[in-house]
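Below: the structure, in structure tokens.
The values are calculated or read from the model by the stated rules, or taken from the named source; none is laboratory data. All values reported here derive from a predicted model rather than from experimental measurement. Cβ placement follows ideal geometry from the backbone for every residue including glycine, while neighbour counts extend to all protein chains displayed. With ligands, DNA and RNA removed, areas are computed over all heavy atoms of the protein, side chains included. Shrake-Rupley method; radii C 1.70, N 1.55, O 1.52, S 1.80 Å.
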Amino acid sequence: MSDAYTLLRGGRVCDPTESTDGGRLRDLYLKDGRIAATPPQEARIGEVIDLEGRIVMAGAIDIHSHIGGGKVNLARLLLPEEHREHASGPDGLRRSGSGLFTPSSFVTGYRYAEMGYTAAFEPAMLPSNARHTHLELADIPIIDKGCYAVLGNDDFLLERLAAGATQSEVNDYVAWILHATQAVGVKVVNPGGISAFKFNQRRLDLDEAHPHYGITPRRILTTLATSLSDLGVPHPLHIHCNNLGIPGNEAVTRETIAALDGLPAHLTHLQFHSYGTEGDRRFSSAAAEIAEAVNRNPNISVDVGQIIFGQTITASADIMSQFRNSGLASPRKWVCTDIECDGGCGLVPFRYRDKAFVNALQWAIGLELFLLIEDPWRAYLTTDHPNGGPFTSYPHLIRLLMDRSFRNEQLARINPDVAAHSRLGSIEREYTLDEIAIMTRAGPARVLGLRDRGHLRPGAVADVVVYDDLPDREAMFAAPAWVFKNGRPVARNGELTATGWGDTIVVRPDFDPAIERRLKPWFEDHQTVRLGNFRIADGEILDHGRGGLSIVPILTASDPCF
Amino acid sequence: MSVLSFRLKGPLTGRIDASPLLPHRLAELSLAEIAGLPLRLGRGHVAVGDVFDLSGSPGDTVELEGDGRLDFVGAGLAGGTIRVAGPVGHRAGTGMSGGSLLVEGSAGLAAGASMRGGELIVRGDAGSELGGALPGERAGMTGGRILVHGACGDRAGARMRRGLIAVGGDAGAYAALHMTAGSLVIGGRPGVFTGHGMRNGTILFRGEIDPLPGFADCGLNRLPFLSLLDNHLSGLNEAPPTCRGLTGQVRRWLGDRGFGGRGEILACL
């Protein structure tokens, strides 16, 4: 603790939770890792940094980025050439590391911080992989991190649902999983489909019964979404819809939105779920229909999962879609595997090519979604790292959204059939700085329930990013002038200057511990570890000396939103 | 012909990454510039001039004093000649696409792994993964020639797709593991599990063995191709003498049938 304030003087503060006037000249005071109110005259000011009208935003938050856990590690193993080609040695500040689209854990933290990101969320932590995931996140420096536990294909839940479990029993199970795996939310991946794949099903629609348990994806979805709502978990169910990547899947996506019937939910990597079947090639954009459905349903938030042309690897728990796409692997190697009967895992390296019709259309669909979904508070910037492209391509993506002439230049380069038929060229919208601040900061913070992040009001965690106001928005967002994490400068002009540790963000709803009476025999009969060993103690995260635990407050009836 | 010589100043304090010392990369530089180039030493770096005394002039030939802690010697070589007086460490000549690397002593692990072209000669022994695949790679050697006078370790020619490996001494276990094509000639005795998982290609040696159960006995044959191969070897400067004269009657096995393979193991009688 120090009694001196750090003063960031004369920046244009772009905090859409205060006002949306594109940045107002205002001084910012940092103290003890938090944003402070303007101190009294006699207060001691330590360091003063003159920002000379630069743009100031809160630290950016990546709501969906595969940065740790079993599947990311398998992806690294599958592409050793990536790590051989992109390796860096220790330099006194950084530890060594490697990788471009599956960067090693330390490199992940450095690159995020250098880009002005101060939090990232691993969206697919299988409960049986939770310990590994947290150990790996403990190796990601600087940024805050959190995980969503993957449910909806685990045999315990499916069996209990088939046996007619009550909603309150499911609620207790969901809450128990959140506690035991130290998660901040729950994700459902291809509800029922991963389990059905193991019974030789290769596609599962919303009202198709699971071949063994006889329950439908609709039932799984609504039960889990209701659970999180009942428990007051701020982040609603994080949904990876059924039939990812299949032309015509927009129908199941719209049915999913309808099935939720007003329940809050987050649809992730929506681009991969917005495909129609029109045109000569029976593959078309349904972005307009999906965007309209999102616009009409204020309970729905989305992240886009934009694709970026170039080499990457697709990594998903959705073994059904990954097995289907394995023939497209480039280079020609892939992995699909079951993980402890808890879920699945599929890794298919992929090169998105701008001249290929399908890839070019995917690119256009993602951008159409960004531009046609009206409310930036409910649409967040992601590439579903590494599935659509690495998170390091965010600055490029921001430029595509903010700069129409740049976007149309890129459009002119892609497959001409797509360029000719896409509505993208006719969309005039350009994102403003305020809207970018919403979709990369305030919006994700709100939908995750992070009350002291994503804004710059007094009391917020002092995660502050200062940008030069450059006309080239890609250059601007790639190398911020200053990045502060918890009030400490960590990067200058896009180069790391200091390192440190962020928090692990978790949520802890109340529940009836009697659920353990049912879970204990299940673990003894079917799992590789006992229930007592399965639970991750706080000490396992805290004892490394690598950041603390930050507990997201539960929503209450009197506090529906903040 | 200009020769550039590197003589070690003293014992090495750690493992050195010698991959920057390629003739075509040094040809345009002055001796002072070369002496200033950084080399990886353990976790840090040293300058070339701190480790080596330089003499001669940069051109198409590099001569190195050998040491078992010099790794990546000739890795990525595309042309010219590197001669090493003494042993080398691991991964000598990995990813070579041309030129010639001559090691007068022994080589460590993964010599010539993922090689695409050129010639690697080892007068001593070679370690495991000779001409094999780098970790995680689907293909091993895809071209070029490796001639080893001594013995080699395990998994020589693993995942090989093209090219020739001739080993004068004995081979370790799993020679030609998952080979897809190419030729492996063993002058000494093959080790256990030779040819496991091979899909195609040829393994040739002297004397009967008891192959893996996935290999089908095709009886005694006289194959004209063997004389052609022997002629080819006789035309090479450094072909191991024990690899010569593998002609006449051979027993032929086809496999590995467990992998749908049609590769051949040829035992010269």
query = Among the aspartates and glutamates, which have Cα under 16 Å from the Cα of A:K485 when same-chain residues fewer than 8 positions away are ignored?
reply = A:D32, A:E47, A:D62, A:E114, A:D144, A:D452, A:D463, A:E495, A:D503
note = Here, A:R26 and A:K520, labelled 7 Å along Cα→Cβ, have an inter-label distance in nm of 5.4
query = Taking the Cα-to-Cβ direction at A:I45 and at B:S2 and moving 7 Å from each Cα, how far apart do the two end points lie in nm?
reply = 6.2
note = Here, the stretch A:58-496 modelled as identical Cα point scatterers in vacuum has Debye log10 I(q)/I(0) at q = 0.06, 0.11 Å⁻¹ of -0.22, -0.80
task = Please give the calculated 222 nm ellipticity per residue for chain A, where each DSSP H segment of at least 4 residues contributes -39500 (n - 2.57) and the sum is spread over every residue; nearest 500 deg cm²/dmol?
result = -9000 deg cm²/dmol
remark   = Label model pair B:A181, A:S88: point-to-point distance (7 angstrom along the Cα→beta-carbon line) in nm is 4.1
note = Total charge of the residues flanking B:V103 in space, meaning their Cβ is under 15 Å from its Cβ, with Lys and Arg +1 and Asp and Glu -1, is -3
1.4 Å probe accessible area per residue over the stretch B:208-269, in Å² = 53
key: Extended-chain gain in nm, criterion 0.36 nm per residue less alpha-carbon gap, A:R353 and A:T337   = 3.1 nm
ask   = Going from most exposed to least, what order do A:D469, A:D452 have by accessible area with a 1.4 Å probe?
value = A:D469, A:D452
note = Once the mean of 1/r over all distinct C-alpha pairs in the stretch A:33-105 is inverted, the Kirkwood radius in Å reads 16.8
key: Computed E for A:E52/B:T13 - FRET, C-beta separation, R0 60 angstrom, nearest 0.05   = 0.75
request  = Over the alpha-carbon set of the stretch A:390-530, divide Rg by the Kirkwood Rh and report the Rg/Rh ratio to two decimals.
outcome  = 1.16
ask   = So if we plug the beta-carbon distance of A:E208 and B:S55 into 1/(1 + (r/R0)^6) with R0 = 56 Å, what FRET efficiency do we get, rounded to 0.05?
value = 0.15
ask   = With Cβ to Cβ distances under 9 Å as the rule, what net charge do the other residues near A:K145 carry (K, R +1; D, E -1)?
value = -3
ask   = Ignoring ligands, DNA and RNA, how much accessible area is buried between chains A and B, both sides summed, with a 1.4 Å probe, to the nearest 100 Å²?
value = 600
query = When the Kirkwood radius is taken over all Cα pairs of the stretch B:125-268, what Stokes-Einstein diffusion coefficient follows at 10 °C and 1.306 mPa s, in µm²/s?
reply = 110
remark   = Per residue, the convex hull enclosing the Cα atoms of the stretch A:376-461 spans a volume in Å³ of 113
task = Under 12 Å from the Cβ of A:L51, count the other residues' Cβ atoms, weight Lys and Arg +1, Asp and Glu -1, and hand me the total.
result = -1
message = Please report the carbon-and-sulfur percent of the accessible area for the stretch A:117-179; probe 1.4 Å, protein heavy atoms only, DNA, RNA and ligands left out.
response = 51
remark   = Cα gyration tensor of the stretch A:224-369 diagonalised, 5x eigenvalues square-rooted, in angstrom largest first, produces semi-axes 26, 21, 12
query = So for the protein assembly as shown, what are the equivalent ellipsoid semi-axes in whole Å, largest first, each being the square root of 5 times an eigenvalue of the Cα gyration tensor?
reply = 53, 35, 25
Angstrom value of the Kirkwood radius, inverse mean 1/r, which spans all Cα pairs in chain B = 18.7
message = Can you compute the FRET efficiency between A:S405 and B:N221 using 1/(1 + (r/R0)^6), with r the Cβ-Cβ distance and R0 = 60 Å? Round to the nearest 0.05.
response = 0.25
